[in-house]
């Protein structure tokens, strides 16, 4: 265990690896994009993709929203399984 001067534990030592990773992710993840299936064709699941309406911005915000939603739901599921 690493000690800072004065015998204090470093912040890294006081936090679990999971807490450190979560903290790091929180500091780099964007806020939830406001996109919906009506405003972003990347989020539409009914019917074939509307390629003419898809542009790089829609892909970035759509994938970001799906990724954040997945992470939230996965975390909820994991906590439920842990009891």
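Values quoted throughout were computed directly from the atomic coordinates according to the rules given, and no laboratory measurement underlies them. On a predicted model such as this, the values are computed, not experimentally measured, just so you know.
Taken along its three principal axes, the alpha carbon spread of the stretch 31-82 comes to 44, 25, 14 Å, from the longest extent down to the shortest. The mean sequence separation of alpha-carbon pairs under 8 Å and at least six residues apart, normalised by the residue count of the stretch 31-82, gives a relative contact order of 37 percent.
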